[in-house]
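Visitor: Structure incoming, see below.
Each reported figure results from applying straightforward, stated rules to the coordinates on display, with no laboratory input. All figures in this text were calculated on a predicted structure; none of them were measured in a lab. Ideal geometry is used to build each Cβ from the backbone, glycine not excepted, and the neighbour counts take in all protein chains shown.
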Amino acid sequence: MPINNRIAAFHPEITAWRRALHAHPEICYEEKWTSDFVAKKLEEFGIEVHRGLAGTGVVGTLKGNRPGKAAIGLRADMDALPMTEKNTFDHASQIPGRMHACGHDGHTAMLLGAAKYLAETRNFAGTVQFIFQPAEEGGAGARKMIEEGLFEKFPVDAVFGMHNWPGVPVGTMSGTVGPIMAATDTFEITVHGKGGHAAHPEKAVDPIVIGAQLVTALQSIASRQVDPIKNAVVSITQFHAGSAYNVIPDDVVLRGTIRTFDPDVRKLVETSMKQICEGICAGMGGSVTVEHRPGYPATVNSARETEVALGIAERLLGAGNVDRAPQASMGGEDFAYMLQVKPGAYLRIGNGPDTEGRKLHQTNYDFNDEVLPIGASYWAQLVEQTLTSEA
């Protein structure tokens, strides 16, 4: 595995950064300690530092030792999750109710590793923007940075992202042209009935029965209205009703999530959901309020940039260790907003077996430190092989 020798030499240093970040997790738009840590490291490397986008965002600007007009952005997310960590190792979370359970500590450390190496060598032409983004976990930090002028203040021709992927061997990467992560919408459905005594249901309009019908019927959208070649998920994740054993309540609240890749399918699901809810509720004597909340768009890789990124991964790891046709994930990612305004690619990097302690969003998760020099080497080679004087 041809990891960059210089990066391999400071693998222990990158590991120490990663574990310090893991011990100090901060959630969406609260990444003050993390932002300070990142900015200090970039300054130590001699990289020009800019702060303040989306509150805690950090951008480092580095120019190569040769002239060039091209510029690319490399993005790492910095935020943690509102979870209580159950690990007991030395670098476990020091902040109750906060945990790096998705590996953003590793993403940040890998990009810092690449920044350190590239600042030492500057063996490229043009400019690289190191984008350290807050609030990926539900806060749309990427969109916020863009709205506040990210790409106007720090112009790039393309932007690249990466995420660790449990269940895939260390030393492998994957990616594909087109959708790689799903759009993530949420909804809240309030069924309005007529409460009453549970012993006399004929005198009430039972919203629980109506809600139960909706749970079943809404599943038919994906199985009977969406083209089988395309994808959609409609999941009811909450059902709230009632407060007593012998009382039929007035209302029921259902909540859940919708996952799609295709914009037309996304719209179809939203429209069908409202039609089904209104039809069933009216037919059973109730009424309904449907609130659809658009979330992250689908993460869609552009063709040219994905081919470039996968080619570099193959040169780093060997063609047999790069999957060019991975199954798209129904998970969401706010890097999608960056790919809506700039061409680019979002790849996955293998994090090892999907065993206990390696599963995303679990209380005993920890990033695999073996991956750190691989990810940093990929970033470095992406810059050196993309930003040439001919680019």
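Visitor: What do you get for the angle between helix 104-121 and the principal long axis of the chain? Use alpha-carbon atoms, 0 to 90 degrees, nearest ten.
Guide: Long axis of 104-121 versus the principal axis of the chain: about 20 degrees.
Visitor: Take the Cα of residue 229, step 7 Å along the line toward its Cβ, and report every residue of region 179-195 whose backbone nitrogen sits under 19 Å from that point.
Guide: 179-180
Visitor: Quick one: longest stretch of the chain between exposed loop GluC sites (Glu not before Pro), exposed meaning at most 10 other C-beta atoms within 10 Å and loop per DSSP?
Guide: 1-355
Visitor: Quick check: the angle from helix 263-283's long axis to the longest principal axis of the chain, C-alpha only, nearest 10 degrees?
Guide: Rounded to the nearest ten degrees, it is 20.
Visitor: Can you list, bin by bin at 10 Å, the percent of alpha carbon pairs in region 183-296, starting at 0?
Guide: 15, 44, 27, 11, 3
Visitor: Right, another one. As an exercise, use a Förster radius of 25 Å and the Cβ-Cβ distance of residue 340 and residue 84 to find the FRET efficiency, rounded to the nearest 0.05. Write down the numbers at each step before the final one.
Guide: On the way: r = 35 Å, r/R0 = 1.38.
In this case the efficiency is close to 0.15.
Visitor: Sort 386, 56 so that the residue with the fewest other Cβ atoms within 10 Å of its own Cβ comes first and the one with the most comes last.
Guide: Working: 386 21, 56 26.
Least crowded to most crowded, the residues run 386, 56.
Visitor: How much length, in nm to one decimal, is gained on full extension between residue 239 and residue 359, taken as 0.36 nm per residue of separation minus their Cα-Cα distance?
Guide: Between residue 239 and residue 359, full extension yields 40.5 nm more.
Visitor: Would you please give the FRET efficiency between residue 246 and residue 123, computed as 1/(1 + (r/R0)^6) with r the Cβ-Cβ distance and R0 = 51 Å, to the nearest 0.05?
Guide: Numbers: r = 76 Å, r/R0 = 1.49.
So the FRET efficiency works out to roughly 0.10.
Visitor: Relative contact order of the chain: what whole-number percent is it, with Cα pairs under 8 angstrom and at least 6 residues apart?
Guide: On the way: 913 pairs, mean separation 97.6, N = 391.
Dividing the mean separation by the residue count of the chain yields 25 percent.
Visitor: Shifting gears a bit: About the Cα centre of the chain, how large is the charge dipole given +1 on each Lys and Arg Cβ and -1 on each Asp and Glu Cβ? Please answer in debye to the nearest 20. Walk me through the numbers on the way to the answer.
Guide: Working: 35 positive and 45 negative charges, 99 e Å.
Value, rounded to 20: 480 debye.
Visitor: Counting only the backbone N, which residues of region 221-251 are under 16 Å from the spot 7 Å out from the Cα of residue 199 toward its beta-carbon?
Guide: Counting only backbone N, you get 245-248.
Visitor: What do you get for the angle between helix 11-23 and the principal long axis of the chain? Use alpha-carbon atoms, 0 to 90 degrees, nearest ten.
Guide: The helix 11-23 is inclined about 30 degrees to the chain.
Visitor: Pick out, from 240, 285, 295, the residue whose Cα sits farthest towards the positive end of the charge dipole of region 183-296, with +1 on the Cβ of Lys and Arg and -1 on the Cβ of Asp and Glu.
Guide: Value: 295.
Visitor: Extension gain residue 61-residue 217, at 0.36 nm per residue separation less the Cα-Cα distance, in nm?
Guide: Details: separation 156, 0.36 × 156 = 56.16 nm, distance 5.21 nm.
Working it through step by step, the gained length comes to 50.9 nm.
Visitor: Size of the dipole of region 183-296 about the Cα centre, Lys and Arg at +1 and Asp and Glu at -1 on the beta carbon, nothing else charged, in debye to 20?
Guide: Values: 10 positive and 12 negative charges, 31 e Å.
That gives a dipole near 160 debye.
Visitor: For residue 267 paired with residue 307, estimate the spin-label separation in nm (one decimal), with each label point 7 Å from Cα along the Cα-to-Cβ line.
Guide: According to this spin-label approximation, the distance is 3.0 nm.
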